[in-house]
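Asks: Provided herewith is a single structure, encoded as structure tokens, for subsequent inquiry.
The values are calculated or read from the model by the stated rules, or taken from the named source; none is laboratory data. Bear in mind that the values here come from a model prediction, so they are computed numbers and not experimental data. Cβ sites come from the backbone with ideal geometry, for glycine too, and all protein chains shown count toward neighbours. Calculation scope for accessible area: heavy atoms of the full protein, side chains included, ligands and nucleic acids excluded. Shrake-Rupley method; radii C 1.70, N 1.55, O 1.52, S 1.80 Å.
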Amino acid sequence: MGTSEWHIERRASFGSESAIARETGNVPETGSLSIVVLGASGDLAKKKTFPALFHLYLQGFLPPEEVHIFGYARTKISDDELRDRLRSYLVPGKGVSPQQLEDLEKFLKLIKYVCGSYDSEDGFRLLDKEISEHEYLKNSVEGLSRRLFYLALPPSVYPSVCKMIKTCCMNKSDLGGWTRVVVEKPFGRDLQSAEELSTEIGKLFEEPQIYRIDHYLGKELVQNLLVLRFANRFFLPLWNRDNIDNVQQIVFREDFGTEGRGGYFDQYGIIRDIIQNHLLQVLCLVAMEKPVSLKPEHIRDEKVKVLESVLPIRDDEVVLGQYEGYTDDPTVPDESNTPTFATVILRIHNERWEGVPFILKAGKALNSRKAEIRVQFKDVPGDIFKCQKQGRNEFVIRLQPSEAIYMKLTVKQPGLEMSAVQSELDLSYGQRYQGVTIPEAYERLILDTIRGDQQHFVRRDELKASWQIFTPLLHRIDDGEFKPIPYKTGSRGPAEADQLLEQAGYVQTHGYIWIPPTL
């Protein structure tokens, strides 16, 4: 499908979604909505936040008669200069149709830029003035207006920015309107810094006003986990230590290195960047008990119970790596101890999961790019077909690329002989849901914020419990007590990581490769 066809199809499907949203009340009919992107000139805003807002606009979830978007940053540029910077991120450079250009220009007209610092009232009072003028022009009744502040900024400035928002930019009254703040990860560097951040922001805003975003919770296949687990009868009796041997949950591979982000990445490393947040959130959804309901607090209560049941990490169940050439980046210190690869085994001390290793694995500059959850079942007792060499049954959720859910099964190979091979029952989204556009994670999560649904956001006690798991290990790495093992770019990572998986009981299937079905 060509680029222009993609946008036309997307627009056609979004019209019906918009109508449904308004019929069900998900798009409010009254009260203006002001969306403020702080850090508007930065990469995150240009590559993720503004494109997500544009797609929501195309779907009809950001009606122009209600919405205005404000960019705020220190860079001294005009409204038109910001719009020009955003254009190439919002539509492709080639094959742009007249309809796409018309949609783009209408959206860009909704954006206004305000220049100011992040710790001075002058800029934020100017921002408040611009927002108030928008609310007045939209005939919004005072107290019904809605203000969403998206902090596409480093965590170090969260406290000062939140203080400025609280001092200068809050709604004047509370008659159904709201003020909400979205903060990005990494939210702190360890337990102490995360708690200090939470305390400072907590003094300014109530918990229902704070949306700690983890974009992995907005991914389509991650959101499918609760449905798969709790809406299918055949999973219920199998999802426990009696049947599951191990969970490779989740494997996150990138086939490129830091690519110009070396200085930033070196401050955090692969555990803070990927494992402590993204992968740990997925672990919660895989391991949690069924919540009382789908209310956000009931779901987050169960996730916290999982995190609080995780045992301390053992040294012999951690392998760290650093790809060769990482320190060649001029922004990375020559003696950097920062891991670009990590395999960590977590063990959950409760009735359902006692003895089942949860293997979290993430790395850069590896031999492939993918993210998946792999649940491996125990061997079949009394194997009359002598098929254990074929590999075990596995349930796999492929998050990216080529979204899919498949089950690896042992079946009879066609022919006159009674021989067994591995195959799969496969739900590949590209084949099964042709013509359906899977929304980007940021689209879904921004819309959830507007709707006031915190189900897919991280609660303060959840954040605290996740940092408690990893902080001791992270401090030892920071102090140079835990050294990463060098590995070659384009490899599977350190050989010691595969040995750790084998020790944990994971059985690799040799000779079987999952191939996405063709359309």
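Asks: Students often get this wrong, so check it: of K138/K172; K48/K163; K219/K408; K106/K138, which have C-alpha atoms separated by over 20 Å?
Replies: K48/K163; K219/K408
Asks: For the chain, which whole-number percentage of the solvent-accessible area (1.4 Å probe, protein heavy atoms only) is attributable to carbon and sulfur atoms?
Replies: The computed percentage sits at 52.
Asks: With all protein chains present, calculate the accessible area of H298 using a 1.4 Å probe and round the result to the nearest 10 Å².
Replies: Looks like 60 Å² after rounding.
Asks: Farthest toward the dipole's positive end in the chain, which of Y113, V458, S193, given Cβ charges of +1 (Lys, Arg) and -1 (Asp, Glu) about the Cα centre?
Replies: V458
Asks: For region 30-184, with only Lys/Arg (+1) and Asp/Glu (-1) charged at the beta-carbon, what is the dipole magnitude about the Cα centre, in debye rounded to 20?
Replies: 360 debye
Asks: Could you order D448, D119 by accessible surface area, starting with the largest, using a probe radius of 1.4 Å?
Replies: Values: D448 15, D119 115 Å².
These residues rank, largest area first, as D119, D448.
Asks: Can I ask one more? Could you tell me which of the pairs K370/K464; K185/K290; K303/K364; K46/K109 are separated by over 18 angstrom between their Cα atoms in the structure shown?
Replies: Exceeds cut-off: K370/K464; K185/K290; K303/K364.
Asks: What accessible area, in Å² to the nearest ten, does a 1.4 Å probe give for K172?
Replies: Ignoring ligands and nucleic acids, K172 comes out at about 120 Å².
Asks: In Å², what does the accessible area per residue of the chain work out to with a 1.4 Å probe?
Replies: 45 Å²
Asks: What are the ³J(HN,Hα) couplings of region 337-346, residue after residue, when phi is run through the Karplus curve with 6.51, -1.76, 1.60 and θ = phi - 60°? Round to Hz, x for glycine and proline.
Replies: 9, 6, x, 9, 9, 8, 10, 10, 9, 10
Asks: Still on this model: Would you please name the trypsin sites (Lys or Arg not before Pro) within region 103-155 that are DSSP coil residues with at most 13 other C-beta atoms within 10 Å of their C-beta?
Replies: Here the trypsin sites (Lys or Arg not before Pro) that fit, given the DSSP loop and packing criteria, are K109.
Asks: In addition: Using only protein heavy atoms and a 1.4 Å probe, report how much of D128 is accessible, in Å² to the nearest 10.
Replies: Per-residue accessible area (D128): approximately 20 Å².
Asks: I need the Debye-formula profile for region 423-519: one equal scatterer per C-alpha, no solvent, reported as log10 I(q)/I(0) at q = 0.12, 0.14, 0.15, 0.25 1/Å, two decimals.
Replies: -0.93, -1.12, -1.15, -1.20
Asks: List the lysines whose Cα lies under 21 Å from the Cα of K412, skipping any in the same chain that are fewer than 8 positions away.
Replies: Filter leaves K378, K386, K389.
Asks: Right, here's the next one. In whole Hz, what ³J(HN,Hα) sequence does region 393-408 give by Karplus (6.51, -1.76, 1.60; θ = phi - 60°), x for Gly and Pro?
Replies: Each residue of region 393-408 in turn: 5, 9, 10, 10, 10, 8, 7, 6, x, 6, 3, 6, 10, 9, 10, 7 Hz.
Asks: Additional query: May I ask you to rank E133, E206 by accessible area, largest first, using a 1.4 Å probe over the protein chains only?
Replies: Details: E133 90, E206 125 Å².
Per-residue accessible area, sorted high to low, gives E206, E133.
Asks: Nearest-5 percent of antiparallel DSSP beta bridges in the chain? Please list the in-between numbers first.
Replies: Numbers: 41 of 76 bridges.
So the antiparallel bridges amount to about 55 percent of the total.
Asks: What trypsin sites (Lys or Arg not before Pro) does region 69-101 have in DSSP loop regions with at most 15 other beta carbons within 10 Å? Intermediate values should be presented prior to the final figure.
Replies: On the way: sites: R74, K76, R83, R85, R87, K94; in loops: R74, K76, K94.
Counting only loop positions with at most 15 other Cβ atoms within 10 Å, the trypsin sites (Lys or Arg not before Pro) in region 69-101 are R74, K76, K94.
Asks: Let me ask you something else. Toward the positive end of the charge dipole of the chain, about the Cα centre and with charges on Cβ (Lys, Arg +1; Asp, Glu -1), which of L360, W239, F256 goes farthest?
Replies: W239
Asks: While we're looking at this one, here's another question. Could you work out [θ]222 nm for the chain from helices alone, using -39500 (n - 2.57) per DSSP H run of at least four and dividing by all its residues? Round to the nearest 500 deg cm²/dmol.
Replies: Here the helix-only value at 222 nm equals -10500 deg cm²/dmol.
Asks: Starting from the Cα gyration tensor of region 30-184, take the square roots of the eigenvalues, sort them a ≥ b ≥ c, and report rounded, prolate or oblate (rounded when a/c is under 1.5, otherwise prolate if a/b is larger than b/c, else oblate).
Replies: Since a/c reaches 1.5 but b/c is at least a/b, the shape of region 30-184 is classed as oblate.
Asks: Taking all protein chains together and a probe of 1.4 Å, list E254, E308, E220 from the most accessible to the least accessible.
Replies: Working: E254 30, E308 130, E220 55 Å².
Largest accessible area first, the residues go E308, E220, E254.
Asks: Moving on. Amide H neighbours of S491 under 5 Å, counting only residues 5+ apart in sequence or on other chains, H built in-plane at 1.01 Å?
Replies: N367
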